[in-house]
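Okay, so here's the structure we're looking at.
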Ligand SMILES: Nc1ncnc2c1ncn2[C@@H]1O[C@H](COP(=O)(O)OP(=O)(O)OP(=O)(O)O)[C@@H](O)[C@H]1O
């Protein structure tokens, strides 16, 4: 992240501060993400002391720093500080992965966090620094893909998603899906890998074919008139946390949040039933989807949703589900080049693109017959 971008982020943090009740601290410190945890620990403590002045005189021995997750994108740390009065405070420190700015707009993320946390979503934003942010620690467990499928939880996710989609974020309300996909496409189609094996695999991608698919799908989804809402865009099990004692569900990680089609957010969530192993046999059945839609459309009277509304959302979600495969396939090909993380991103590209190809005809004909039936009415 360059100096200019840090200043932009600081300005957005200022705006977020005005929207949240709590204070958001800022520091220009950056932390080298290539350091090992023991090397990084003193830097993290120094950063926390700089951000939170009440800790500036606390001895380093009163802090503990541990890794929560290496994430696919970021490094997430848990920092606990034992204050002089004996109270302990826990927070998370998120260090942005190098080169993630190619796929994530950090200003957009920080702006959204301010409004979303004011609306009761996610962890509270406590501070921002050169290459990351500090948030409150959420005492809850992370869901698994099979949790998401459980009827009670699926209903709660649907209900929360409806509320999330109602949050108003100032600025442009233009849906980002196709803008992002075309941006990803431009970057993805001009990569070059030093690794011979990777370059060989990359050359197997026909970008001409992908481009045609994108254009065809965009034309069809445009005709569906899916409502534009503020969408999470990455609602996988790892971004859902549950405090079982309080029965409270948390949506976290708004890195990809933007104005977008509601059908995309829901179809993308359904794709995540497949989990990290991409077992698409776990994709929700029509009955499971209708259960979700009922609670999304009418949380207080789920059994009164009309067949027409259920069908409309079914068509939307299952057409945009295809766009979700194209989006994450292109994203993965960029990550294959840019990310320092040792993950088979090109393999992931092919998994998503193959699933797209497998589902395409069925979903497109569903959308086409829905559109021609509504034209004939
Ligand atoms: N505020 C928080 N409090 C407690 N745990 C958290 C918090 N935020 C994230 N986590 C935990 O860390 C995990 C990774 O978080 P998150 O998805 O935000 O990171 P990420 O780097 O963006 O990961 P990925 O790129 O894989 O989505 C979550 O699944 C959750 O278990």
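For this structure, a couple of remarks:
- Here region 1-34 is the region considered, the condition is being touching a helix residue (DSSP H, G or I) at 6+ places or on another chain (Cβ under 7 Å) and modelled with pLDDT of 55 or more, and the residue that is surrounded by the fewest Cβ atoms within 10 Å (Cβ to Cβ) is 23.
- Complete set of residues in region 314-344 that are over 17 Å from residue 218 (Cα atoms), over 17 Å from the mean Cα position of the chain (by Cα), without any contact (Cβ under 8 Å) to a residue 60 or more places away in the chain and not in a loop (DSSP other than H, G, I, E, B): 314
- Cβ-Cβ under 6 Å pairs, at least 6 apart or on other chains, region 281-292 side within 14 Å of residue 306 (Cα to Cα), far side at pLDDT below 95: none
- When restricted to residues that are within 16 Å of the ligand (Cβ to nearest atom) and either surrounded by 14 or more Cβ atoms within 10 Å (Cβ to Cβ) or assigned to a loop (DSSP other than H, G, I, E, B) (or both), region 53-67 contains 2.
- Tally, over region 252-285, of residues that are out of contact with any helix residue (DSSP H, G or I) (no Cβ under 6 Å at 6 or more places or on another chain) and within 16 Å of the ligand (Cβ to nearest atom): 7
- The set of residues in region 258-274 that are outside any strand (DSSP E or B) and touching a strand residue (DSSP E or B) at 6+ places or on another chain (Cβ under 7 Å) comprises 262, 264, 265.
- Count - residues of region 138-159 that are out of contact with any helix residue (DSSP H, G or I) (no Cβ under 9 Å at 6 or more places or on another chain) and away from the ligand (no atom under 16 Å from the Cβ): 2
- Selected residue (only one of 277, 300 is out of contact with any strand residue (DSSP E or B) (no Cβ under 6 Å at 6 or more places or on another chain), without any contact (Cβ under 8 Å) to a residue 24 or more places away in the chain, part of a loop (DSSP other than H, G, I, E, B) and under 20 Å from residue 233 (Cα atoms)): 277
- If the condition is being away from the ligand (no atom under 14 Å from the Cβ) and crowded, with 17+ Cβ neighbours inside 10 Å, then region 68-104 contributes only 81.
- In the condition set (1) within 30 Å of residue 344 (Cα to Cα); (2) within 16 Å of the ligand (Cβ to nearest atom), residue 211 is compliant with all but (2).
- Among (1) in contact with a helix residue (DSSP H, G or I) (Cβ under 9 Å, 6 or more places away or on another chain); (2) farther than 24 Å from residue 284 by Cβ, the one test that residue 342 misses: (1)
- Considered as a group, the residues in region 117-128 that are touching a helix residue (DSSP H, G or I) at 6+ places or on another chain (Cβ under 6 Å) and part of a strand (DSSP E or B) include one that is surrounded by the fewest Cβ atoms within 10 Å (Cβ to Cβ), and that residue is 127.
- Verdict on residue 47 being within 15 Å of the ligand (Cβ to nearest atom), in contact (Cβ under 8 Å) with a residue 40 or more places away in the chain, surrounded by 15 or more Cβ atoms within 10 Å (Cβ to Cβ) and within 22 Å of residue 104 (Cβ to Cβ): no
The values are calculated or read from the model by the stated rules, or taken from the named source; none is laboratory data. Worth saying up front: this structure is predicted, and the values here are computed from it rather than measured. Don't worry about glycine lacking a Cβ; one is built from the backbone with ideal geometry, like all the others, and counts go over all protein chains shown.
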